[in-house]
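Novice: What follows is a single structure, and I will ask about it in a moment.
The values are calculated or read from the model by the stated rules, or taken from the named source; none is laboratory data. The structure presented is a predicted model; accordingly, all values stated were derived computationally and were not measured. Cβ placement follows ideal geometry from the backbone for every residue including glycine, while neighbour counts extend to all protein chains displayed. We work out accessible area using only protein heavy atoms, side chains counted, and drop any ligands, DNA or RNA first. Shrake-Rupley method; radii C 1.70, N 1.55, O 1.52, S 1.80 Å.
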There are 2 protein chains.
Amino acid sequence: MLTLGIDTATKVCAVALCRDGQPLAAYEINMGMTHSEGLVPQLEQLFTRTGINKRDIELMSVSIGPGSFTGLRIGLATAEAIAYSLQIPLVGVDTLKALAYNIPVEGVLLAPILDAQKGNYYLALYEWKQGKLYEVESVKVVTGGELGNILLAYMKPVVVLGEYAKITDSLPAGVTCAPKTVSMPKALSVAMLGMEEHLGKENKKYFGLEPFYIRRSEAEELWEQRQKNLAKSDE
Amino acid sequence: MLTLGIDTATKVCAVALCRDGQPLAAYEINMGMTHSEGLVPQLEQLFTRTGINKRDIELMSVSIGPGSFTGLRIGLATAEAIAYSLQIPLVGVDTLKALAYNIPVEGVLLAPILDAQKGNYYLALYEWKQGKLYEVESVKVVTGGELGNILLAYMKPVVVLGEYAKITDSLPAGVTCAPKTVSMPKALSVAMLGMEEHLGKENKKYFGLEPFYIRRSEAEELWEQRQKNLAKSDE
């Protein structure tokens with residue numbers, strides 16, 4: 001099953017192709033460019049170089065967050081448009097799970113984190129067992145200060161990956177940070193996980209895939225603020 | 001230091017850019033295409049999409065084997081041409097070490113292998129300690145049958161990666177195979193390792209980088225055979 005993966009949940013713009021568990025191509029750019037500018041040309045180049053016909057894609061897999069509002073919107077809109085055009089299924093993959101998939105080693109607790117703004121972090125915990133990635137703890141929001149104690153409580157070697165740059169110094173001994181090469185979202189992980197999740201559910205209809213934003217859009221926040229102000233002035 | 005990495009030691013054609021330990025872009029194609037056809041266009045697309053000027057590259061890093069004759073020749077020739085044109089240093093990185101760099105986790109023994117033909121495998125052993133990758137055993141050639149016992153002797157969890165496809169079934173319990181996503185050579189690993197190895201040796205001159213072929217070229221083997229036959233007919 002030829003699968004196209006897209007990850008634009010963070011500043012990294014990543015696209016990849018795999019077929020039946022075999023990686024075919026991966027293309028990641030981490031230059032802080034806007035995804036609206038980069039995603040489609042990057043996809044186009046991937047198809048040009050691999051010689052794969054877009055129409056042969058059988059499954060679309062996209063990273064659905066937690067992540068940035070605009071990044072997720074662009075990734076999901078592009079993935080939806082491709083799935084709709086080709087009439088193929090579209091699977092959404094958790095961004096934190098896809099990050100954990102970058103380090104396929106047993107015996108360590110993987111702690112992917114993403115910056116949830118204002119000193120908060122999205123955190124989930126995963127572990128590999130016999131070639132499969134399992135969720136040990138589902139996603140929650142914690143402060144940078146709490147993170148170290150939460151991880152220490154597991155009494156296991158922990159590897160933090162993702163957006164840990166701001167809190168590296170506050171992490172306790174025993175918690176190691178993954179190198180940057182495996183800390184970036186990879187669309188190959190998204191494609192492989194999407195395919196794994198789709199297998200056995202070939203008849204499933206994926207409607208209304210909803211992205212998981214780190215925070216609401218500026219417009220929504222401003223609107224709420226204005227409603228509050230209006231309510232106050234009415235009093 | 002803006003570093004360009006190239007890995008064409010296997011069937012994978014991989015190029016990547018990093019700056020001062022920060023991954024900027026990576027582009028890998030694993031379609032069994034010839035590198036002479038794919039490498040330069042892939043590099044060109046990388047520069048187009050990142051907007052990075054080729055002339056700004058400060059260090060060239062290339063995977064020097066073990067690997068296939070033609071692949072290494074094309075990679076090294078391209079890397080040498082770029083280094084020569086831009087008058088920048090060129091560092092050679094061991095292909096097995098670059099493979100081990102794909103799995104940056106402590107507490108496991110990493111066993112990258114590459115198919116050395118005729119039932120033989122190139123094997124080296126590596127381990128991460130405090131964020132650095134150390135060689136535990138340098139490269140040697142072993143048969144597929146010997147491999148399992150060699151790895152078991154270390155009495156540690158071992159992860160095999162690379163070209164293990166033909167011997168997966170003969171590996172003993174306790175030895176796990178890394179998923180295919182991290183088993184392919186990655187030029188980002190080559191770029192990062194090249195940069196690490198170059199730091200502190202900025203004045204070193206890298207002359208006469210020699211690739212490490214898995215086997216000699218067909219032409220060399222035929223020539224030797226002919227010499228032997230000629231010697232016999234002289235007797």
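Novice: Do the conditions hold for A:Leu72, that is, is it crowded, with 20+ Cβ neighbours inside 10 Å, of a type in the set (A, V, I, L, M, F, W, C) and within 14 Å of chain B (Cβ to nearest Cβ)?
Specialist: no
Novice: Please work out if A:Val91 is in a strand (DSSP E or B) and farther than 28 Å from A:Glu210 by Cβ.
Specialist: Spelling it out, it is not the case that A:Val91 is in a strand (DSSP E or B) and farther than 28 Å from A:Glu210 by Cβ.
Novice: Only one of these is more than 14 Å from chain B (Cβ to nearest Cβ) and surrounded by fewer than 23 Cβ atoms within 10 Å (Cβ to Cβ): A:Ile57, A:Ile64. Name it.
Specialist: A:Ile57
Novice: Considering only region B:203-217, I want to know if a residue exists there that is assigned to a loop (DSSP other than H, G, I, E, B), away from chain A (no Cβ under 14 Å) and at pLDDT 90 or above.
Specialist: So far as region B:203-217 goes, no, none of its residues is assigned to a loop (DSSP other than H, G, I, E, B), away from chain A (no Cβ under 14 Å) and at pLDDT 90 or above.
Novice: For region A:164-180, which positions are open to solvent by less than 70 Å² (accessible area, probe 1.4 Å), within 21 Å of A:Asn120 (Cβ to Cβ) and within 14 Å of another protein chain (Cβ to nearest Cβ)?
Specialist: Of everything in region A:164-180, those that are open to solvent by less than 70 Å² (accessible area, probe 1.4 Å), within 21 Å of A:Asn120 (Cβ to Cβ) and within 14 Å of another protein chain (Cβ to nearest Cβ) turn out to be A:Tyr164, A:Thr168, A:Leu171, A:Val175, A:Cys177, A:Ala178.
Novice: Pick out the one residue from A:Ala153, A:Ala219, A:Ala178 that is closer than 30 Å to B:Gly21 by Cβ and among the aliphatic types (A, V, I, L, M).
Specialist: Among A:Ala153, A:Ala219, A:Ala178, only A:Ala178 is closer than 30 Å to B:Gly21 by Cβ and among the aliphatic types (A, V, I, L, M).
Novice: Between residues in region B:1-18 that are closer than 29 Å to B:Ala165 by Cβ and residues that are part of a loop (DSSP other than H, G, I, E, B) and aliphatic (A, V, I, L, M), which pairs lie under 7 Å by C-beta distance while being six or more apart or on different chains?
Specialist: From region B:1-18, the pairs are B:Val12/B:Met184; B:Cys13/B:Met33.
Novice: Residues being outside any strand (DSSP E or B) and either within 30 Å of A:Glu196 (Cα to Cα) or in the same structural domain as A:Leu193 (by TED's automatic domain parsing) (or both): count how many of those fall in region A:121-146.
Specialist: Looking only at that region, the number is 2.
Novice: Please count how many residues of region A:94-120 are assigned to a strand (DSSP E or B) and open to solvent by 10 Å² or more (accessible area, probe 1.4 Å).
Specialist: Result for region A:94-120: 3.
Novice: Can you say whether B:Thr78 is open to solvent by less than 40 Å² (accessible area, probe 1.4 Å) and of a type in the set (Ser, Thr, Tyr), as far as the supplied structure shows?
Specialist: Considered against the rule, which asks whether it is open to solvent by less than 40 Å² (accessible area, probe 1.4 Å) and of a type in the set (Ser, Thr, Tyr), B:Thr78 comes out as yes.
Novice: Checking the structure you have, find out if any residue of region A:79-94 is farther than 24 Å from A:Ala178 by Cα, over 11 Å from the mean Cα position of the chain (by Cα) and facing chain B (nearest Cβ under 9 Å).
Specialist: no
Novice: Identify all residues within region B:14-27 that are open to solvent by less than 10 Å² (accessible area, probe 1.4 Å) and either closer than 17 Å to A:Pro23 by Cβ or among the polar types (S, T, N, Q) (or both); write none if there are none.
Specialist: Residues satisfying the conditions are B:Ala14, B:Val15, B:Ala16, B:Ala26, B:Tyr27.
Novice: Is one or more of the residues making up region B:50-60 within 18 Å of the chain's Cα centre (by Cα) and at negative phi?
Specialist: Yes, region B:50-60 has at least one match.
Novice: With A:Ile113, A:Ile103, A:Ile150 as the choices, which residue is closer than 22 Å to B:Gly107 by Cβ, aliphatic (A, V, I, L, M) and over 20 Å from the mean Cα position of the chain (by Cα)?
Specialist: Exactly one residue qualifies, and that residue is A:Ile150.
Novice: Can you tell which of B:Leu193, B:Leu161, B:Leu151 is assigned to a helix (DSSP H, G or I), in contact (Cβ under 8 Å) with a residue 24 or more places away in the chain, surrounded by 15 or more Cβ atoms within 10 Å (Cβ to Cβ) and not assigned by TED's automatic domain parsing to the domain that holds B:Pro66?
Specialist: B:Leu151
Novice: Then there is this: Looking at A:Leu110, A:Leu133, A:Leu188, can you tell me which residue is in contact with a Cys (Cβ under 7 Å, 6 or more places away or on another chain), within 11 Å of chain B (Cβ to nearest Cβ) and modelled with pLDDT of 90 or more?
Specialist: A:Leu188
Novice: Oh, and also: For residues in region B:35-47 being touching a helix residue (DSSP H, G or I) at 6+ places or on another chain (Cβ under 8 Å) and open to solvent by 60 Å² or more (accessible area, probe 1.4 Å), which is farthest from the other protein chains (Cβ to nearest Cβ)?
Specialist: B:Ser36
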